[in-house]
Amino acid sequence: MMARKILQSIFIASIGLPLAFLLLLSFGRRWPYPEIFPKELSLAAWGFLDNSNMISTFFLSLGISFSVALFVTLSAFFISKHIAYSKKRNTFMVLAYIPYLLSPVVMAVIFQYYFILVQLTGTTLGVIIAQFLIAFPFGVIIYLNFWNENLKSIEELSKTLGGNAFQTFVKVLYPLSKNAILLCFFQVFLISWFEYGLTNLIGSGKIKTLTVQVFNFVNEANIFYASFACCLLVIPPMLLMYLNKRFIFFAEKSE
Amino acid sequence: MPTPKLKNVSRFLFVAIVTVPVVSGMVYAALYSLGIIGILNTEISSKAWQTVFFGKPFWSAIGFSLYISVVSMAISLAVALLISIKWQKNLRDGLLGTAIYFPLCFPGTVMAFFSFQMLSKSGFVSRLGFNMGWIEDLRVFPSWIHDAYGIGIIFTSVLLITPFFIILFSNLFKTENIASFQHLAKTFGASNRQILWKVTLPILLKRASVTIYLFTIFIMGSYEVPLLLGRQDPQMISVAIIQKIQRFNLNDIPQGYAMSILYVLLILSVVILLFFRNKNFFKTSAV
């Protein structure tokens, strides 16, 4: 019993280790070998927050992820319903899994040409559209679990009782689907927030999201600023986790 | 009931959004790889395809990616099963039950950067080893990053997916009522060992099988982690494709496109195989 307690404490501590370590490095300035901890601590990286560059990077990432999540959540909600109630549901499902299973960066590399054609590369809109194409099938997959026979009957009941489509949506469907909508929104937000390869390719390195900046700092061998950008990357997901840990977890289940 | 028109428009939109990018991308890649379009391409040629199909780089990248994903998955599953079975009660509530969600906040990029700072020759572990007197010089510290066996990549992948599977198994324990099956088996006189191998493990693995297959494919295609932690040879497939297409050598581009088509076809055939083996494979329901 005692051993289990100790083991669990060690395990929990190790879960916190990456964040603690990155936070420490983000305050570091000089870290010569073989010092275990940075020799000098400074607020230089965090002072970077004053610097408009990092602020705009953060809000650019936030804006992109928010837009992608919003578009996917809305479009997938209405479209997934007709997929879920289709007789060919399973075939549609296989289709949905294909873009989702191909690595986003490989998808980006093959459809990049069309983005160049319509001059969307290197633009924020281009990145949002490209991320939408990757995340939309995933959004549909999340919703498919939610549309079921029970819900269908409730919806039909509302219509039988004289509710029009709008009333049925606002008074019946929306309250019942709130959790599914939030789950979809936050899952897609995270996909977009975590994305690097496709964003860098379609954005031609010009759309500097946080993940792109981490790679830039690593290439400049500036580990302290890279750690700082890493810390900024994990903050929003942690806020989500604080709101509700269920929002950051989604899994398929076999029948 | 929705009007038939709305229904058809929705289904059409779905199929369009899902297939047009893949199909149009494949067409472009095919034309480029055959020399029909492209800056340096002057005539139709199957040279790029021959190089890719009969050469070593593509197949070694596929092999290396498969090796990384299978090994990472095996380690993650072993650890996740051990923890979720042994600590079942603690995972349901309390600090551990919340803490286990914490790693899901880490994107591959951040975890890869963390691994790099921990495991590289001048990383944290090496510094610790030096100060403890285990190593005399950072040069004798083993290569775990940019190494031939992909140790850094596997380490990072395990960090990324193990927490996910711990949560998944812990949820399945509840939804599949495993505790009562265990109890039943015990009543019938099964030993603890038998309960583990004949009851608990089969239910958990069967119920998680779709996720396990999907994650194996995801890890195969991972990009950020091997980009930061991998080396030139062997390479993982995504990194190899992007490098061929983005490299300065324009002659390599057709090969990059041929590789991407082959990879897409490979994943497609795996998906179709899984689907035809079990038509309900992709029929998901919430955990």
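The values are calculated or read from the model by the stated rules, or taken from the named source; none is laboratory data. Fair warning: this is a prediction, and the values are worked out from it, not measured in the lab. Note: ideal-geometry Cβ built from the backbone for every residue, glycine included; neighbour counts use all protein chains shown.
Within region B:119-151, the only residue that satisfies the criterion of being surrounded by 22 or more Cβ atoms within 10 Å (Cβ to Cβ) and at the interface with chain A (Cβ under 10 Å from one of its Cβ atoms) is B:SER126. With the structure loaded, tell me whether B:ILE212 is closer than 30 Å to B:PHE106 by Cα and crowded, with 22+ Cβ neighbours inside 10 Å or whether it fails that test. Spelling it out, it is not the case that B:ILE212 is closer than 30 Å to B:PHE106 by Cα and crowded, with 22+ Cβ neighbours inside 10 Å. When B:GLY189, B:GLY152 are checked against the criterion of being in contact (Cβ under 8 Å) with a residue 24 or more places away in the chain and small (Gly, Ala, Ser), B:GLY152 stands alone in meeting it.
Does B:ILE154 satisfy the criteria of being under 25 Å from B:ASP93 (Cβ atoms) and of a type in the set (A, V, I, L, M, F, W, C)? Can you show your working first?
Numbers: under 25 Å from B:ASP93 (Cβ atoms): no; of a type in the set (A, V, I, L, M, F, W, C): yes.
Taking the combined requirement at face value, the residue does not satisfy it.
When restricted to residues that are assigned to a helix (DSSP H, G or I), among the aromatic types (Phe, Trp, Tyr) and more than 9 Å from every other protein chain (Cβ to nearest Cβ), region B:188-221 contains 3.
Cβ-Cβ contacts under 8 Å between residues 6 or more apart (or on different chains), taken from a first residue in region A:144-166 that is farther than 30 Å from A:TYR97 by Cα to a second residue that is surrounded by fewer than 14 Cβ atoms within 10 Å (Cβ to Cβ) and of a type in the set (Lys, Arg), are listed as A:SER158/A:LYS171; A:GLY163/A:LYS171. For region B:93-107, the set of residues classified as among the β-branched types (Val, Ile, Thr) and not in a helix (DSSP H, G or I) consists of B:ILE100 only.
The number of residues in region B:21-40 being within 10 Å of chain A (Cβ to nearest Cβ) and either assigned to a helix (DSSP H, G or I) or of a type in the set (Phe, Trp, Tyr) (or both) comes to 12. Counting residues in region A:198-208 that are within 20 Å of A:ALA69 (Cα to Cα), out of contact with any strand residue (DSSP E or B) (no Cβ under 7 Å at 6 or more places or on another chain) and among the polar types (S, T, N, Q) gives one or more. When B:ILE83, B:ILE68 are checked against the criterion of being within 14 Å of another protein chain (Cβ to nearest Cβ), under 20 Å from the mean Cα position of the chain (by Cα) and assigned to a helix (DSSP H, G or I), a single residue qualifies: B:ILE68. You will find that of B:ILE37, B:ILE62, the residue that is β-branched (Val, Ile, Thr) and within 29 Å of B:ILE154 (Cβ to Cβ) is B:ILE62 and no other. For region A:36-60, filtering for residues that are farther than 21 Å from A:LEU233 by Cβ, more than 14 Å from chain B (Cβ to nearest Cβ) and in contact with a helix residue (DSSP H, G or I) (Cβ under 8 Å, 6 or more places away or on another chain) leaves 0.
Please go through region A:113-142 and pick out each residue that is touching a Ser or Thr at 6+ places or on another chain (Cβ under 7 Å) and not aromatic (Phe, Trp, Tyr). Quick ask: steps written out before the conclusion?
In the first step, residues of region A:113-142 are kept if they are touching a Ser or Thr at 6+ places or on another chain (Cβ under 7 Å); the result is A:114-115, A:121-122, A:127-128, A:131, A:135-136, A:139-141.
Listed by number, the residues that qualify are A:THR121, A:GLY122, A:VAL127, A:ILE128, A:GLN131, A:ALA135, A:GLY139, A:VAL140, A:ILE141.
When B:LEU91, B:LEU40, B:LEU66, B:LEU96 are screened for being exposed (fewer than 14 other Cβ atoms within 10 Å of the Cβ) and of a type outside the set (Lys, Arg), only B:LEU40 passes.
Do you know which residues across region A:61-87 are without any contact (Cβ under 8 Å) to a residue 60 or more places away in the chain, facing chain B (nearest Cβ under 8 Å) and in a helix (DSSP H, G or I)?
Hits for region A:61-87 are A:PHE78, A:HIS82.
Against the test of being in a helix (DSSP H, G or I), closer than 30 Å to A:LYS39 by Cβ and modelled with pLDDT of 95 or more, the options B:ALA61, B:ALA112, B:ALA74, B:ALA78 yield a single qualifying residue, B:ALA112.
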